[in-house]
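**Q** The structure follows.
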Amino acid sequence: ISCLRSPRNPEQKIIKRVIALEGDIIKTIGYKKKYVKVPHGHIWVEGDHHGHSFDSNAFGPVSLGLLHGRATHILWPPQRWQKLQPMLPPERKPLHRAQE
């Protein structure tokens, strides 16, 4: 789970799950193309609430230059304190993973 600057408003920070890395092919959810190969120097990010999240399905691949940090915990509100798990939902795994 990453913290990045919004591609539409660099003053705003957003927290999203990294779904695909450069070179990966991903099936999108409502993006203008059904399949996207993530370009060099970019990642594909999505929120956990599909269809109600401002993420790569709205604005496309995100430049690595906008990546700001990594979210590890929820601290507020106190009743939601928890460590975040780096889990990728099985249905959102890339169709093709780039070779390392």
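Computed from the coordinates by the stated procedures, all read-outs in this text should not be read as laboratory data. Predicted model, so just to flag it, every value in this text is computed and none were measured. In this analysis, Cβ positions are derived from the backbone assuming ideal geometry, glycine residues included, and neighbour counts consider all displayed protein chains.
**Q** Could you tell me which of the pairs Lys13/Lys33; Lys34/Lys93; Lys34/Lys83; Lys37/Lys83; Lys32/Lys93 are separated by over 22 angstrom between their Cα atoms in the structure shown?
**A** On the way: Lys13/Lys33 25 Å; Lys34/Lys93 15 Å; Lys34/Lys83 33 Å; Lys37/Lys83 31 Å; Lys32/Lys93 19 Å.
Going by Cα-Cα distance, Lys13/Lys33; Lys34/Lys83; Lys37/Lys83 fall outside the 22 Å limit.
**Q** Just one of [x] 13.6, 41; [y] 15.4, 52; [z] 16.1, 54 is Rg and Dmax of the Cα atoms in Å calculated from these coordinates, so which is it?
**A** Read-out from the structure maps to [x].
**Q** Compute the distance in nm between two label points, each set 7 Å from the Cα along the Cα-to-Cβ direction, one at Asp48 and one at Leu64.
**A** 2.7
**Q** Restrict the search to the range 1-46; then list the trypsin sites (Lys or Arg not before Pro) that DSSP places in a loop and that have at most 16 other Cβ atoms within 10 Å of their Cβ.
**A** Numbers: sites: Arg5, Arg8, Lys13, Lys16, Arg17, Lys27, Lys32, Lys33, Lys34, Lys37; in loops: Arg8, Lys32, Lys33, Lys34.
Taking the range 1-46 and a limit of 16 other Cβ atoms within 10 Å, the loop trypsin sites (Lys or Arg not before Pro) found are Arg8, Lys32, Lys33, Lys34.
**Q** If you don't mind, there's one more thing I want to ask. Can you give the extra length, in nm with one decimal, that the chain gains between Leu95 and Lys83 once fully stretched, where that is 0.36 nm per residue apart less the Cα-Cα distance?
**A** Numbers: separation 12, 0.36 × 12 = 4.32 nm, distance 2.84 nm.
The span from Leu95 to Lys83 would gain 1.5 nm if fully extended.
**Q** Here's another thing I want to ask about it. With Cβ to Cβ distances under 14 Å as the rule, what net charge do the other residues near Gln12 carry (K, R +1; D, E -1)? Please list the in-between numbers first.
**A** Details: positive: Arg5, Arg8, Lys13, Lys16; negative: Glu11, Asp55.
Around Gln12, the charge tally is +2.
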